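Notes follow once the structure below has been shown.
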Amino acid sequence: MEELRTARLRLRAWTTSAADLARLTDIYSREEVSRWLGGPPKVSPEELVARWALVHDLDQRFGCRAIELPDGSVAGTVLFKPLPNGVGEVEVGWHLHPDSWGHGYATEAAAAVIEQGFEAGLPEVYAVVRPGNEASLAVCRRLGMAPLGRFRRWYDVELEAFRLMAPAVVE
């Protein structure tokens, strides 16, 4: 997976290095993170990395990347992948360690993968957020995403859905 860079971030593939696996374990074992995801992952960190690599291998436009800070530490994950049970809808998402909340990393990382998706020809991108997750709802608003209401369509749980349309191409 090609890495992306923003003004402050390096978005790269997660690896099975000891440091990456430890950070994944730390992020996803925290109740303040996993409560918004429906609980901690039911697979090991190594299996998460393998699943995320497969998402990219199946379609180069997609991937789940580590959000790396200039000091080399990892703030969390930015996801860009097809929504389950969807008909071509693509989801952007973010899962950050609490020590990285409040710095704009989620917005910056999400904007970068959305831009790459639009450049690859995607017409729209969705985000789905558990009701009450005010921080993620704010990220959706900062990204300029339009609220669509609550749906159970993709993850069989009621979620706030947002959509961002690709900018119109003027020729």
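Before moving on, here are some points about what is shown:
- Stokes-Einstein diffusion coefficient of the stretch 4-165, Kirkwood radius over Cα pairs, 10 °C, 1.306 mPa s, in µm²/s: 100 µm²/s
- Under the combined filter of DSSP loop state and at most 10 neighbouring Cβ atoms within 10 Å, the stretch 1-75 retains these trypsin sites (Lys or Arg not before Pro): Lys42.
Each value in this text was obtained by applying a stated rule to the coordinates, not by laboratory testing. The model shown is predicted, which means the values in this text are computed figures rather than measured ones. Neighbour counts run over all protein chains shown; Cβ positions are idealised from the backbone, glycine included.
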